[in-house]
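Structure first, commentary second.
All of the numbers you see were taken from the coordinates with simple rules; none came from a lab. This one's a predicted model, so the numbers in the text were calculated from it and none came from an experiment. All Cβ positions, glycine included, derive from the backbone under ideal geometry; neighbour counts span all protein chains shown.
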Amino acid sequence: MSGGSLLEISDIDVFYGDVQVLYGLGLEVREGEIVALLGSNGAGKTTTLRAISGLRPPRRGEIRYRGEPLSAIPAASRAELGISLVPEGRELWPLLTVEENLELGAYGRAARPGAARNLERVYALFPRLKERRRQAAGSLSGGEQQMCAIGRALMSEPRLLMLDEPSLGLAPILVDQVFETIARLHRDGMTILLVEQNLRKALEVAHRGTVIETGRVKLTGSSRELLASESIRAAYLGL
């Protein structure tokens, strides 16, 4: 199912100005896994992804990707290494067409030669985007915008795909489609780090999960163990 360690986060502290958000956080993602990062609003989930992306470097601790430290690698270069983030809220360019948004995902030198091939791959995964490729991205439905954001991330041929709240604000039927897409990408060999407030859905698709509260790891375990945990069920599932 999974191979060696692809991403290792060791004991990181992350701040916004003088405000500390992450406290000694540790996390591992192995090649071929889906790992869910879980917690309530403000727990530090998005900050963790921003630290990995290089947008919010830790003041202490280390993040290693494929065994190499990322501290000296700027955010713009991390996509070239195979790290891609689908941000919360999609962050598309609303006035550009769907196809232009997707093509911007292949802006890096390493991704450019394969841009046409990857565009066809995205259209095969999301036929709706191909139908709407000439439309402004801002005119898409919420579900279609999420497809476009995922497709844009896939254009850089990532080895590690990070998804920040992909189901946020979507109707239940679209939430199901998003999670089906995540499962399909994994079957195709993608390693995925998933930040998601819909804990049940996340653990149905993930192999392992880490629960963080106020910037600290509270619990980590297999999806089955976390779903069976009474404290998790009470705090997050209302059971």
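Fully extended, how many nm does the chain gain between S77 and E230 (0.36 nm per residue separation, minus their Cα-Cα distance)?
Net length gain for the segment: 50.9 nm.
Suppose the chain between F15 and A183 were pulled fully straight at 0.36 nm per residue; how much longer would it get relative to their current alpha carbon spacing?
Between F15 and A183, full extension yields 57.2 nm more.
Of the peptides 98-106, 59-67, how do they stack up when ordered by the mean number of other Cβ atoms within 10 Å, highest first?
Put in order of decreasing packing, that is 98-106, 59-67.
For the chain, give the magnitude of the charge dipole about the Cα centre (Cβ charges: +1 Lys/Arg, -1 Asp/Glu; no others), in debye to the nearest 20.
So the magnitude is around 300 debye.
Quick check on the chain: helices-only [θ] at 222 nm, where DSSP H runs of length 4 and up contribute -39,500 (n - 2.57) each and the sum goes over total residues. Nearest 500, please.
-9500 deg cm²/dmol
So if I take the centroid of the Cα atoms in segment 104-127 and the same for segment 1-68, what is the distance between those two points in Å?
With segment 104-127 and segment 1-68 each reduced to a Cα centre, they are spaced 27 Å.
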